[in-house]
Structure formats: C-alpha cells, structure tokens
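The values are calculated or read from the model by the stated rules, or taken from the named source; none is laboratory data. Quantities reported herein were computed from a predicted structural model and do not represent experimental measurements. Heads up, the Cβs are rebuilt from the backbone with ideal geometry, glycines too, and the neighbour counts pull from every protein chain shown. Keep in mind that these areas ignore ligands, DNA and RNA; they rest on the heavy atoms of the full protein, side chains included. Shrake-Rupley method; radii C 1.70, N 1.55, O 1.52, S 1.80 Å.
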Amino acid sequence: MTTPIDKFLAALPGRYKPAGTRKWKAACPAHGSDNPTTLSIAEGENGAVLLKCHAHDCSVAEIASAVGLQLSDLFPPSDRHSHSRGSSPLQRNFTREPGAKLAAPERAPESLPTPSLFTLTQYGKIQRHPVDWLVRGYLVRNTLAGLIAPPGTCKSFLAVDWACRVATGTPWNGREVKRGAVFYLAGEGQSGLAKRIEGWEIENKVDAKEAPLYVSSGLPFLCDPVNVTASIEIIEAVAEELFFAAGIEPALIVIDTVARAMNGANENASDDMGRFIAAKDALRTRWGCTVLSVHHTGHDAAAQKRGRGSSNYGANLDSDFYLTSKGDTIQLAAGTKSKDWTTPAPITLDRVVVTTSVIGEDGEPETTLVLRDVAGALLEQRARTQRDRALELRRRGLSERAIADELQTSKTTVHRWLQEAA
C-alpha cells in the first residue's frame, strides 16, 4: 500500500534528500525554487505529510497542488474523513439535531505502545558486506577512528594528508582512496591549516582549491548536545548544497583535537568522555561517514601507548593509529582496535619541508611540513606505470584478460584501471 509520504515524494518534480528520521529536504515546487533546501518534508506520527516552505511560506495546499495532489492525499485514508464536517465526536455534538443524544467522547489509549528496541534476523538471512574502505587498509567508512600521538609528532599533518586525499580522491602512497566531502573541525584556526593544505598541494602536485574540503572557523564544545546538534545543522547546510550540485556526500569528518573539543570538560571523567564519544557517533550516524579524532597520548611511559584521559575514549573506537617520531622520521602503527579487518603493518613517513606562497614578516616565503611515505610513493609510481601500460595495450586491441596476463596482475585491477580512464 502506498503511503501519503511515498505518494508525495514520488510526485516531486526534482530530487529530494534525507534530512533525518522520516524527514527530507527539497526545492519547493509551489514557487519554482531551485534551492534544494527551501522545502522541509516530514512524516507525522499518524502518517500524514508535514510540509514547510522556508522561502515564501507557501501554504500546504499550494505545495500539494503544485505536484498534482489534493490536500486529502497528504493524509492516510483512515484520517481523511476527519476533515469533513461532523466527523469527530466534538464536531457531531456541535452540529447535532435538537434533542439528539451527545456523542460519546473518544477514549484516550490507556498506554502508549512499547517501542521496538531491535529486530531479530536468522543468521542465514543476514547480508554480508565487504569492508567499505575510505583509505584502503586504514580508514573504513561509517566508523570512529582515532589518531593518537605525543605533541610534536605531526599527527595534524597526517590528518591533513588524509583529508586532502579523500577530498580529491588522490591515492595515499599507493593505496586506493574513495573520494568524498571532508569537514575539518579545527581548533587551531583556518589560516594555519590552509598553509598546511597548500604545502600538501605543492608536494603532491594536486590542486585542492575546488575540492569538497571545508575547514571550520573554530571547534565547538562537543560535550554539549546542543552544540552537537548545531554542528550537524551547519555541516548539513553545506552537505545538502553539495549533494544536489555534484552528488557528493560527506565521507570524512576530522576533529582536531579532542582536547579542544572537550575544553571545559574533564578528559579523565568517563561520563564527559562518553559525551564526546556520543558526539562523534552522532556525526557518524548522520551521514554514515568516518569520524577521525586527533588526540594526545598520556605523559608517563605506560600512557604513551594509549589516548590521554579516560579509557572510555579508546574503548569506543573502531580503529586507532599511533605516531612516534625519531629525528625526521615518523612511524605510523595501527593499534589493537581493527574491528573487522586486518591490522595494517607499520609504515615509516619522512618529514618534508615545503615552501609556501605565504610571505613572512621577514619578507621570505614561509614553510610547512608534509609527510611522505617513500616506499609507498615508489609503489604508487609503479602502479601508475602499470596503469599507463594497460591503457596502451588496450589501445592496441588487447582484451582485459590478455592485458592482465601481460602485466602479471588481476583482471579486476585491469578492469578498474580502464574504467577510471574511461
């Protein structure tokens, strides 16, 4: 049976986008708007369609008429008669014939129905899905990740590296990266972060200026649910516009750092840390994206192997990564929180100094750091050479199987290279 909300969404002339549980956003059809956020749509508890035009305050009747529906189409069949004269006990009492008996009032239900907490599915009917990698081997979509290190170990530089690669779809040291929108909630200001991003562009020869990479002007106190809701709304406004313009969804949200996001709360208190984790989970749930938080290790030797403060932080991560430094080299190692995937082997990153376009007070260009995986870069170069050879062999008329045999790689890999180049 088609519900009123299904009928209305199907009648909309343009695209619509989910905006919460049983809520949607679209362009208001009543005044011909192209703005995909002017109309709020929701399904009421009784199944009725709730509509609100934010641009011209179009009436519900006008909106329904614009998509070829009647006002009654916005209500479930059992409720449509209630909008005619005398259909409720109160209306029947008001319009009753002289001497007629009063209609009995409708009795309120004695109790609300018990909410369904979960469903049960027989094992054999559960669908199994492969790991949905964002950065192959490291970041998984729809998870909570932590990047943990002592001060001065370039953890923010690695976070910027991952953010830029996701926003541009650039492979990370030979590892596949899926492109998506990135929202960097920074506690250290936009200007400094922009300089680091420029350094990344120069080193990697990739222009990120038009990429879906957004940097916040500040980092809100995320232990306050009101601030979390407000943060989601701010991101949602940009995400909706981006989705309708380019079909790109949020893929990565970076919180840099936990200390800044919890400023005013107690990192050592499990309840305060629990509120921060709840904030990360709210961001993850809203878009099914990866939420990466940058955090410091503790001060003593034992605490160097975990995040500072309450153990509630590490216990609720799906994956954790640790950085240690020695001279100009940084070692990246995964922790023990690889949820349903293989823990990647440690890799060594080199600090590389890059000159930016920012001119300092002394009149000289300022520099920044980027992290480079020399071994991974060699793998990436080899893969790029293989891709070029695959395209050349395809132009010669060879089949995908013949190309795979020639390059000693899998047919699936060859197919992906050809699809990317198409």
Next item on the list: Give me the angle, in degrees from 0 to 90, between the Cα long axis of helix 270-287 and the longest principal axis of the Cα atoms of the chain, rounded to the nearest 10.
Entry: 80
Notebook entry, point to check: Roughly what angle does helix 374-395 make with the longest principal axis of the chain, taking Cα atoms, 0 to 90 degrees, to the nearest 10?
Noted result: 70
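If His295, His129, His415, His54 are ordered by their accessible area, calculated over protein heavy atoms with a 1.4 Å probe, which sequence runs from highest to lowest?
Details: His295 0, His129 140, His415 85, His54 105 Å².
Ranked list, largest accessible area first: His129, His54, His415, His295.
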Notebook entry, point to check: What is the helix-to-structure angle for 155-168, meaning the angle in degrees between its Cα long axis and the longest Cα principal axis of the chain, kept from 0 to 90 and rounded to the nearest 10?
Noted result: 60
Checklist line | Sequence-separation-based contact order of the chain, relative, with Cα cut under 8 Å and 6+ spacing, percent | finding: 14
Notebook entry, point to check: For the charge dipole of the chain, defined by +1 on Lys and Arg C-beta atoms and -1 on Asp and Glu C-beta atoms about the Cα centroid, which residue among Pro344, Ile202, Ser40 has the Cα displaced farthest towards the positive pole?
Noted result: Pro344
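Give me the dipole magnitude in Debye, nearest 20, for the chain about the Cα centre, with unit charges on the beta carbon: positive for Lys and Arg, negative for Asp and Glu.
Details: 49 positive and 49 negative charges, 294 e Å.
About 1420 debye.
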Margin query: Strictly greater than 26 Å: what percent of every Cα pair in the range 130-254 meets that?
Written below: 19
Margin query: In the range 1-73, if the dipole is taken from +1 on Lys/Arg beta carbons and -1 on Asp/Glu beta carbons about the Cα centre, which of Cys53, Trp24, Ala66 is farthest to the positive end?
Written below: Trp24
Next item on the list: Give me the lysines in straight-line cross-link reach of Lys411: C-alpha distance below 25 Å, same-chain residues under 8 apart excluded.
Entry: Lys178
Check: Quick one: Cα centre-to-centre distance for the range 137-158 and the range 405-422, in angstrom?
Finding: 31
Next item on the list: Please work out how much accessible surface Asp57 shows to a 1.4 Å probe, ignoring ligands, DNA and RNA, in Å² rounded to 10.
Entry: 110
Check: Using all Cα-Cα distances in the range 329-410, what percent lands in each 10 angstrom bin from 0 up to the longest?
Finding: 14, 23, 23, 24, 12, 3
Checklist line | DSSP beta bridges in the chain [antiparallel fraction, %, rounded to 5] | finding: 60
Checklist line | Positive-pole candidate from Leu292, Thr329, Val131, dipole of the chain, charges at beta carbon | finding: Val131
Check: Once the Cα gyration tensor of the range 264-376 is found, what semi-axes does its equivalent ellipsoid get, as square roots of 5 times the eigenvalues, in whole Å, sorted largest first?
Finding: 30, 20, 17
Check: What does the charge count near Ile197 come to, summing +1 for each Lys or Arg and -1 for each Asp or Glu among other residues with Cβ under 12 Å from its Cβ?
Finding: -1
Checklist line | Loop sites in the range 328-407: GluC sites (Glu not before Pro), DSSP, at most 10 other Cβ within 10 Å | finding: Glu361
Checklist line | Links that overshoot a 27 Å alpha carbon limit, given the list Lys155/Lys209; Lys23/Lys337; Lys25/Lys205 | finding: Lys23/Lys337; Lys25/Lys205
Next item on the list: Give the Debye-formula value of log10 I(q)/I(0) at each listed q (0.14 Å⁻¹), with one equal scatterer per alpha carbon of the chain, two decimals each.
Entry: -1.33
Check: Ignoring any ligand, DNA or RNA, what whole percent of the accessible area of the chain comes from carbon and sulfur when the probe is 1.4 angstrom?
Finding: 51
